[in-house]
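The values are calculated or read from the model by the stated rules, or taken from the named source; none is laboratory data. Owing to the predicted nature of the structure, the values given are computational and were not obtained by experimental measurement. Positions of Cβ are backbone-derived with ideal geometry, glycine not excepted, and every protein chain shown enters the neighbour counts.
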Ligand code: SF4
Ligand code: SF4
């Protein structure tokens, strides 16, 4: 298992340092942290967030205008 | 109060109070009185109303009530249901909210039979226009007021030996008011609908006890606009999920999505998602996990990989007293998310005081966004009934600080 973890860490370092950052941010939900409270849905000005099949919030990237309001309101810091 | 809002609340009240007398139901209810205050020095002008008008909100503290109710039970054999409702009624204030008077209702019906699962959901949010802001949408150059949202979803999951299927469909309608502000301050508004259909299918196969491979398809059709906001993707991925022993567990997922959309950056046509979560226990008291999520993409035209976002979260919890009602614990963690300015550090402590009284306190510091802290004191009258008082203070980097005091009760019956 230690070897798997080392591979993962190496993959993370590669993905982080190996590529240039895209200019526009993109917000997504860490479903393992989301508690389905719905606060992000109530604050989103673009109606871009709804619960997905697993009951966790999902952001529709075609509607999101990257205002960042949801990241500030989330009590579980699940939005990144 | 809008007529639709009244009907909705009435419907909910009828449902709640007729169900109260039925047996076999579980209900959870939380009602709180809230007081909002801010250190803002200036009044703010917002636009609200059925017939849009400018309103000035002063900096004085404001009150409100928040009622959350959840009922779940068994309808018939394998069919269960959950009704959830959130109602907020408060005075307009400087608070970071779209609506100060809304009702959010969710009706969920589940069918479970061995390897088959079906969920039908209808959700509705009704906002009272008199207490709902017109929000400025900069890219579009206009203001919109969300008045009602309908959301109907159907989800099926089935297991057939090593193979699994998941099918999901969702129809969303947003009823909103669209506003053009004229120079002489005459507001012209029009009603409009935004309709979208979302569908998702996933087929997966358990390669072994730990490994699972899957393919997925997603399609969104914006029924209002031509094809501009349509979105679809095909995904293929591999997942590893293993609990090595009582103390160690690892879950990882790597997925490639081939995106097809017009309204998002072309660089994201080839999209890679990598997720890993390692959970560790040190004895019975100390637990923790590390989550790492990377999103990257490959642009054909530039023949280059791009980093979209990285999120690393480290979380540890030490439980030092196990009690019937609530454990006493200390929890701390950091989140590293530089691409979204989401770096933060947080901590929380829950402490048994005396005679069924508990104190919870926590703080968060996100250097680019906000810092916040809260203190909550809760008294359990019985194991299923409590009264509490909570104070939460948030200092935002780019707007005035706000403080919310809530006095509430939580009931389970
Ligand atoms: S606010 Fe955060 S925890 Fe709540 S539903 Fe949204 S993502 Fe999930
Ligand atoms: S960033 Fe803004 S528009 Fe995008 S999902 Fe969050 S709140 Fe909605």
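A few remarks follow.
- Residues being at the interface with chain B (Cβ under 7 Å from one of its Cβ atoms), within 11 Å of ligand 2 (Cβ to nearest atom) and either at pLDDT below 90 or assigned to a loop (DSSP other than H, G, I, E, B) (or both) - total across region A:64-79: 1
- In region A:22-50, residue nearest to residue A:79 (Cα to Cα) [restricted to those that are more than 9 Å from every other protein chain (Cβ to nearest Cβ) and in contact with a helix residue (DSSP H, G or I) (Cβ under 7 Å, 6 or more places away or on another chain)]: A:40
- Odd one out for residue A:37, checked against (1) away from ligand 2 (no atom under 11 Å from the Cβ); (2) buried (at least 19 other Cβ atoms within 10 Å of the Cβ); (3) within 24 Å of residue B:145 (Cα to Cα): (2)
- Residue match in region B:169-176 (condition: touching a residue at least 60 places away in the same chain (Cβ under 8 Å) and within 18 Å of residue B:133 (Cα to Cα)): no
- When region B:153-164 is filtered for residues that are more than 11 Å from every other protein chain (Cβ to nearest Cβ) and either surrounded by 14 or more Cβ atoms within 10 Å (Cβ to Cβ) or in a helix (DSSP H, G or I) (or both), the ones remaining, listed by number, are B:158, B:159, B:164.
- Residues of region B:115-138 satisfying the condition of being buried (at least 21 other Cβ atoms within 10 Å of the Cβ), assigned to a strand (DSSP E or B) and either touching a helix residue (DSSP H, G or I) at 6+ places or on another chain (Cβ under 9 Å) or more than 9 Å from chain A (Cβ to nearest Cβ) (or both): B:125, B:126, B:127, B:132
- Any chance residue A:5 is under 25 Å from residue B:345 (Cβ atoms), within 8 Å of chain B (Cβ to nearest Cβ), at pLDDT below 90 and away from ligand 1 (no atom under 16 Å from the Cβ): yes
Yes or no, residue by residue, for (1) facing chain A (nearest Cβ under 9 Å); (2) under 29 Å from the mean Cα position of the chain (by Cα):
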residue	(1), (2)
B:178	no, yes
B:188	no, no
B:202	yes, yes
B:212	no, yes
B:225	no, yes
B:250	yes, yes
B:260	no, yes
